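Undergrad: A single structure is presented below for examination.
The values are calculated or read from the model by the stated rules, or taken from the named source; none is laboratory data. Everything numeric here is computed off the predicted structure, so don't read it as measured data. So basically every Cβ, Gly included, is an ideal-geometry build from the backbone, and we count neighbours across all protein chains shown. To get the accessible areas, we keep the full protein, side chains included, count just its heavy atoms, and leave off ligands, DNA and RNA. Shrake-Rupley method; radii C 1.70, N 1.55, O 1.52, S 1.80 Å.
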Amino acid sequence: MLDELTGFRRDLHNHPELSHKEYRTTDRLVERLEAAGLRPQRLEDTGLFVDIGEGDIRIGLRADIDALPILEETGLPYASSSTGIAHACGHDIHTTVMLGVALVLAKIDAETPLGGRVRVIFQPAEETMPGGALDVIAQGVLSEVPRILALHCDPRIDVGLVGTRIGAITSASDTVRVELSGRGGHTSRPHLTEDLVFALAHIAANVPAVLSRRIDVRSAVSVVWGQMHAGSAPNAIPAHGFMSGTMRCLDGEAWEAAGDLMDETVRQLAAPFGVDVRIEHTRGVPPVVNTEAETGLIEAAARSELGPDSVVLTPQSMGGEDFAWMTQKVPGAMMRLGTRTPGGETYDLHRGDYRPDEQAIGCGVRVMAAAALRAVLGLRH
């Protein structure tokens, strides 16, 4: 099936869609699943799920289907046809892998009934905060699912390998926007107005420093600003300015505490400058916590399909993942799917030039299908 799945992935890659706008992607999945004799169920807006087999649900598998607002720079013949939108996080790979798993399981079930159901979920809007996983949960899609697995592309791991770890594999993540306002004035007389640019710089530099002294350093609270804007002339103090960034944390409990402390710290740092402060703090996602049994299920499947040395220990990422909401509801695990061509370039996710090796699709299908079959058969690992 690899040729067909590769073509499907390239079609998705050529037509990326942003969060909550994945209409074409949803339609393409429904069409292919129905052609295989399955009965996919659309979610309220975008996204879908499909059950394979009969009886009780033994396991759920989840893929995310949305793209990013990033300009693609790969130069590939099937590069994004939508300017400023790209599958730069590998969700087209995730989607294609889980489509392949559904088709493989459907073929097996037609020949020899599985004896249980596998639910494959194609979730929208992972790239938004707090994530489309909450919508999936609210619509009852997990109500009968006893355990769940997912995968994420990893351009630091070679094709043919998967990365796993027990415990937290991602981090908590929030977005923060700080807006300051004052009267504005001339740069020769900063004492007669509110020096808004200096205040922005002071807050940007000192928020991370304060949090590192107020939160246990072992939780690794990280505040990084990605945007800052104020003013339009070198000799004018502006009346308005803003900055925005992310706050990430390795530990879920520390993340809860850091939320209120972040806002308090911004206001305290701004107070001496006399500026007005407006904070938009969007609480994001907790860490994805891999349970031991579900991680073992992935590892056993990977070793049986890809070889005894195919599993590597992956570090906890500072990235956020809304699959965390699902693992708070049911036991679950996420694996890292190697997408680096052996000896090839190491990319980073969310880069416009990210080029995953498409051989990873076959690896992902084999591991996830094998894991699902083991769950249906009641194997512990």
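Undergrad: Please report, to one decimal in angstroms, the Kirkwood hydrodynamic radius of the chain built from all distinct Cα-Cα pairs.
TA: 22.2
Undergrad: What does the highest-first list of 222-230, 2-10 look like by mean Cβ count within 10 Å?
TA: In decreasing order of mean packing, 222-230, 2-10 become 2-10, 222-230.
Undergrad: While we're here: Among DSSP beta bridges whose residues both lie in region 1-154, state the antiparallel percentage, nearest 5.
TA: Just about 45 percent of them are antiparallel.
Undergrad: Give the long-range amide H neighbours of Gly352: residues separated by 5 or more places, or on another chain, with amide H under 5 Å away, using H modelled in the peptide plane at 1.01 Å from N.
TA: none
Undergrad: Within a Cβ distance under 13 Å of Val275, other residues only, what is the Lys/Arg minus Asp/Glu net charge?
TA: -1
Undergrad: Mean projection of the alpha-carbon convex hull of region 1-149 over all orientations, in nm²?
TA: Computing the convex hull of the Cα atoms and averaging its projections yields 8.6 nm².
Undergrad: If you restrict to DSSP beta bridges whose two residues both lie in the chain, what percentage is antiparallel, to the nearest 5?
TA: Rounded to the nearest five, the antiparallel share is 65 percent.
Undergrad: Sequence-distant or interchain residues sharing an amide H contact under 5 Å with Gly319, placed H: which?
TA: The answer is Ser171.
Undergrad: Through the Karplus equation 6.51 cos²θ - 1.76 cosθ + 1.60, θ set to phi - 60°, convert the phi angles of region 232-237 into ³J(HN,Hα) values in whole Hz; use x for Gly and Pro.
TA: Along region 232-237, the couplings run 9, 9, x, 10, 10, 7 Hz.
Undergrad: Which percent of the accessible area of region 237-352 is formed by carbon and sulfur heavy atoms (probe 1.4 angstrom)?
TA: 49
Undergrad: Specify the residue with the greatest mean-square fluctuation among Leu38, Leu269, Leu61, computed from a Gaussian network of the chain linking alpha-carbon atoms under 10 Å apart.
TA: Leu269
Undergrad: Still on this structure: Calculate how steeply helix 91-111 sits against the longest principal axis of the alpha-carbon atoms of the chain, using the helix alpha-carbon long axis, and give the answer as 0 to 90 degrees to the nearest 10.
TA: So the inclination is approximately 20 degrees.
Undergrad: Averaging sequence separations of C-alpha pairs under 8 Å and six or more residues apart, then dividing by the length of the chain, give the relative contact order as a whole percent.
TA: Contact order relative to length: 23 percent.
Undergrad: Using a 10 Å cut-off on Cβ atoms, rank the peptides 293-300, 240-247 from the highest mean neighbour count down.
TA: Result, highest mean Cβ count within 10 Å first: 293-300, 240-247.
Undergrad: If one takes the longest principal axis of the Cα atoms in the chain, at what angle in degrees, from 0 to 90 and to the nearest 10, does the Cα axis of helix 359-377 lie?
TA: 70
Undergrad: What is the distance, in nm, between label points placed 7 Å from the Cα along the Cα-to-Cβ direction at Asp56 and at Ser244?
TA: About 4.6 nm, to one decimal.
Undergrad: Same structure, new question: Can you list the residues, at least 5 places off or on another chain, whose amide H is less than 5 Å from the amide H of Asn290, using H built in the peptide plane?
TA: Here the answer is Gly167, Ala168, Ile169, since their amide H atoms fall under 5 Å of that of Asn290.
Undergrad: I would also like to ask the following. Starting from the Cα of Leu76, move 7 Å in the Cα-to-Cβ direction to define the label point; list residues of region 1-33 whose amide nitrogen is under 19 Å from there.
TA: Correct set: 1-19, 24-26, 28-29.
Undergrad: Spelling out what I want: for every residue of region 41-57, take phi, set θ = phi - 60°, compute 6.51 cos²θ - 1.76 cosθ + 1.60 (Karplus), and round to whole Hz; glycine and proline get x.
TA: Each residue of region 41-57 in turn: 10, 6, 7, 4, 10, 10, x, 6, 9, 9, 9, 10, x, 10, x, 5, 6 Hz.
Undergrad: Over region 82-196, what is the relative contact order in percent, taking alpha-carbon pairs closer than 8 angstrom and at least six residues apart?
TA: For region 82-196, the relative contact order is 20 percent.
Undergrad: From zero outward in steps of 5 Å, how is the percent of C-alpha pairs of region 322-368 spread across the bins?
TA: Per 5 Å bin, starting at zero, the Cα-Cα P(r) for region 322-368 comes out as 5, 18, 19, 18, 19, 13, 6, 2 percent.
Undergrad: Ok, one more. In region 55-139, what percent of the accessible surface is made up of carbon and sulfur (1.4 Å probe, ligands and nucleic acids excluded)?
TA: Solvent-exposed carbon and sulfur of region 55-139 make up 52 percent of the total.
Undergrad: If one takes the longest principal axis of the Cα atoms in the chain, at what angle in degrees, from 0 to 90 and to the nearest 10, does the Cα axis of helix 2-14 lie?
TA: The two axes meet at around 30 degrees.
Undergrad: Now for a separate question. Applying the Karplus parametrisation 6.51 cos²θ - 1.76 cosθ + 1.60 with θ = phi - 60° to the phi angles of region 349-355, what ³J(HN,Hα) value in whole Hz is obtained for each residue in order, glycine and proline being reported as x?
TA: Those phi angles translate into 6, 6, 9, x, 9, 4, 10 Hz.
Undergrad: Provide the gained length on full extension for the span Asp309 to Ala257, in nm with one decimal, where the gain is 0.36 nm per separating residue minus the Cα-Cα distance.
TA: Computed gain between Asp309 and Ala257 is 14.7 nm.
Undergrad: Ignoring everything except DSSP H segments at least 4 long, calculate the 222 nm mean residue ellipticity for the chain; use -39,500 (n - 2.57) per segment, divide by total residues, nearest 500.
TA: That calculation yields -11500 deg cm²/dmol at 222 nm.
Undergrad: Please calculate how many Å² of accessible area the chain carries per residue, with a 1.4 Å probe and no DNA, RNA or ligand atoms counted.
TA: That works out to 42 Å² for each residue.
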